[in-house]
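The values are calculated or read from the model by the stated rules, or taken from the named source; none is laboratory data. Keep in mind that this is a model prediction, so the values were computed, not measured. When we count neighbours, we look across all protein chains shown, and the Cβ atoms used for this are built from the backbone with ideal geometry, even at glycine.
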Amino acid sequence: MSGFVPVFDIGDTLVPSRKFASHVIEDELRQRNHKVVHDFDPDKFMMYDPSQIEQYLEKYDIDGDPRELAHGCRKRYLEAFEDLMMENGVFDLFAKCNREFGTVGIISDNSVEAKNLMKKLLDEHEVDYDTIVVSEEVGVEKPSPEIFKAFTEKRERPPGEFVYIGNDAEVDSGALDAGMKYIWVTQFDTVNSSFEGPEIDELEFEKLREVISNLE
């Protein structure tokens with residue numbers, strides 16, 4: 001094993017999550033013969049939350065049942081997530097990282113349901129992982145150092161042995177305050193964030209290995 005052990009965010013760190021989320025809700029509206037507004041923001045109107053779907057419908061004066069729409073969007077997103085992971089080579093990336101650096105982990109501002117889905121997919125694809133921490137479970141979100149500390153405490157290893165890999169530098173760089181390294185991923189949506197430090201424009205193993213090898 002060499003270098004630092006990679007710990008990944010989910011979402012747009014790994015797959016074009018926000019773009020797909022926007023496509024899903026627009027398509028669900030279209031199928032229900034509702035007006036489609038092309039500026040759906042997953043950060044403001046999370047497609048799996050009926051109360052926020054309701055805000056979206058009210059904002060643009062769109063008729064529709066927010067609970068029905070939320071259920072349809074959530075079902076489609078979860079069904080498609082495995083395909084997105086496969087298309088973007090995530091399972092293969094994790095497996096290579098496991099062999100090169102040690103068993104990968106995950107820290108995400110996300111739900112327990114999303115955690116269980118990720119565990120299920122990794123198990124089905126026979127990809128090892130060690131510890132998945134989500135904000136719903138620990139009660140804090142990034143950039144709080146506490147969510148990163150919750151991870152390292154479960155791993156029972158010092159934070160300086162890990163590198164966090166995420167797309168939203170504004171919150172993901174909170175890993176630095178917890179004593180971890182951080183690499184900014186710019187392949188998909190970066191939520192208009194910026195970072196003066198190690199970055200990677202494509203989450204491909206050889207590129208990632210090179211960036212990790214240059215960390216101090």
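In the range 165-199, of all residues being more than 16 Å from the chain's Cα centre (by Cα) and in a strand (DSSP E or B), the one that is surrounded by the most Cβ atoms within 10 Å (Cβ to Cβ) corresponds to Lys181.
Filtering the range 1-23 to residues that are out of contact with any Asp or Glu (no Cβ under 9 Å at 6 or more places or on another chain), of a type in the set (A, V, I, L, M) and modelled with pLDDT under 80 leaves only Ala21. Could you pull out the residue among Phe101, Phe94 that is touching a Gly at 6+ places or on another chain (Cβ under 6 Å), closer than 20 Å to Trp184 by Cα and in contact (Cβ under 8 Å) with a residue 12 or more places away in the chain? On inspection, the qualifying residue turns out to be Phe101.
Kindly evaluate Lys115 against the criterion of being assigned by TED's automatic domain parsing to the domain that holds Glu204 and part of a loop (DSSP other than H, G, I, E, B). No; evaluated as a whole, the condition is false for this residue.
For the range 206-216, a residue qualifies if it is more than 20 Å from Phe91 (Cα to Cα) and out of contact with any Phe, Trp or Tyr (no Cβ under 9 Å at 6 or more places or on another chain), and the qualifying residues are Ser213, Asn214, Glu216.
So, in the range 154-205, how many residues would count as being hydroxyl-bearing (Ser, Thr, Tyr) and within 22 Å of Phe91 (Cα to Cα)? Qualifying residue count for the region: 4. Scanning the range 148-179 for residues that are within 21 Å of Glu202 (Cα to Cα) and not β-branched (Val, Ile, Thr) turns up Phe162, Tyr164, Gly166, Asn167, Asp168, Ala169, Glu170, Asp172, Ser173, Ala175.
Determine, yes or no, whether Ser135 is of a type in the set (Gly, Ala, Ser), without any contact (Cβ under 8 Å) to a residue 40 or more places away in the chain and assigned by TED's automatic domain parsing to the domain that holds Asp9. Considered against the rule, which asks whether it is of a type in the set (Gly, Ala, Ser), without any contact (Cβ under 8 Å) to a residue 40 or more places away in the chain and assigned by TED's automatic domain parsing to the domain that holds Asp9, Ser135 comes out as yes. Restricting the range 55-111 to residues that are small (Gly, Ala, Ser), on the phi < 0 side of the Ramachandran plot and touching a strand residue (DSSP E or B) at 6+ places or on another chain (Cβ under 8 Å), the residue that is surrounded by the fewest Cβ atoms within 10 Å (Cβ to Cβ) is Ser111. The set of residues in the range 24-47 being part of a loop (DSSP other than H, G, I, E, B) and either at pLDDT 75 or above or aliphatic (A, V, I, L, M) (or both) consists of Arg32, Asn33, His34, Val36, Val37, Met46, Met47.
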